[in-house]
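K.L.:
One structure is given below, represented as structure tokens, and several questions about it will come after.
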Amino acid sequence: MTNSNRVRIVESADVSGDAQIGDGSSIWHLAQVREGVRMGENCIVGRGAYIGTGVRMGDNCKVQNYALVYEPAVLADGVFVGPAVVLTNDTYPRAINADGSLKSAHDWEPVGVTIERGAAIGARATCVAPVTIGAWATVAAGAVVVVDVPAYALVAGVPAHRIGWVGEHGVPLVAGDSDGTWICPASGDRYIESNGTLTKEVK
């Protein structure tokens, strides 16, 4: 485990000696970071959060209090995971096999959630693996995601569906002066929508 002067791990946290924690990262009270985790620089893992075996996290990620990030989730740089979020890893969960025997690690194959750069998952949302949350997308609080979310999409509901678009500042985009054009009110950046996808206009 990397635990230099530039890594803060409070005494009550449970961090595997096999985990790699990047410089500038903080792991707070009662959080658990399992074996094989690879965490980038300047990450924050909040109180009571769980980071499962072998999870990959990029730089500058925030996993808020009591979030559950089950393996084999992959979080890119700058991902925000809100309080009490759940990233699942079992498509067909059962405690027992059909013969009544207790399931073991050999009786199922974990599948992960992938969250791309800059995306944000709101409080108490659930992402049901295997799904991919596109770059800079926002999942609203309490949503249940069961299909992939495009980059820049704003999704909400159960099951989650797209209700708008957001820019890299996280602010909902407003319609521009021509069809398929969207503008960020915070930055003035322009985005182009085509066939259900959004791309940022190059200046």
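Derivation of every value follows stated rules applied to the coordinates shown; laboratory data play no part. Not measured: the values here are computed from a predicted model.
K.L.:
Would you mind classifying segment 1-79 by shape? Square roots of the alpha carbon gyration tensor eigenvalues, ordered a ≥ b ≥ c; an a/c under 1.5 is rounded, otherwise it is prolate if a/b is larger than b/c and oblate if not.
P.N.:
Values: a/c = 1.21, a/b = 1.09, b/c = 1.12.
Judged from the Cα gyration tensor, segment 1-79 comes out rounded (a/c under 1.5).
K.L.:
How much length, in nm to one decimal, is gained on full extension between Thr53 and Glu11, taken as 0.36 nm per residue of separation minus their Cα-Cα distance? Intermediate results must be reported in sequence, preceding the final value.
P.N.:
Values: separation 42, 0.36 × 42 = 15.12 nm, distance 2.04 nm.
Extra length from Thr53 to Glu11 when fully extended: 13.1 nm.
K.L.:
Now, a different point. Report the residue, chosen from Val149, Val158, Val79, that carries the largest GNM mean-square fluctuation when the chain is represented by alpha-carbon nodes joined by springs under 10 Å.
P.N.:
In this elastic network of the chain, the residue with the biggest mean-square fluctuation among Val149, Val158, Val79 is Val158.
K.L.:
Using Stokes-Einstein with the Kirkwood hydrodynamic radius over Cα pairs, what translational diffusion coefficient do you get for the chain at 20 °C and a viscosity of 1.002 mPa s, in µm²/s rounded to a whole number?
P.N.:
Details: Rh = 17.7 Å.
Approximately 121 µm²/s, per Stokes-Einstein.
K.L.:
Using only the alpha carbons of segment 42-135, determine the length spanned along each of the three principal axes and report them from longest to shortest in whole angstroms.
P.N.:
Principal axes ranked by extent give 46, 25, 21 Å for the Cα atoms.
K.L.:
Mind checking the full-extension length gain between Leu30 and Glu109? Use 0.36 nm per residue of separation minus the Cα-Cα distance, one decimal, nm.
P.N.:
Contour length minus the Cα-Cα distance gives 25.7 nm.
K.L.:
For Val15, enumerate residues with amide H under 5 Å from its amide H, sequence gap 5+ or separate chain, H modeled in the peptide plane.
P.N.:
HN-HN under 5 Å from Val15: Val33.
K.L.:
How many percent of DSSP beta bridges within the chain run antiparallel, rounded to 5? Provide the component values of the computation, followed by the final result.
P.N.:
Numbers: 15 of 52 bridges.
Counting DSSP beta bridges with both partners in the chain, the antiparallel share is about 30 percent.
K.L.:
Starting from the Cα-Cα distance between Ile192 and Ser178, subtract it from 0.36 nm times their residue separation and give me the gain in nm to one decimal. Before the final figure, lay out each step's value.
P.N.:
Working: separation 14, 0.36 × 14 = 5.04 nm, distance 0.98 nm.
So the chain would gain 4.1 nm between Ile192 and Ser178.
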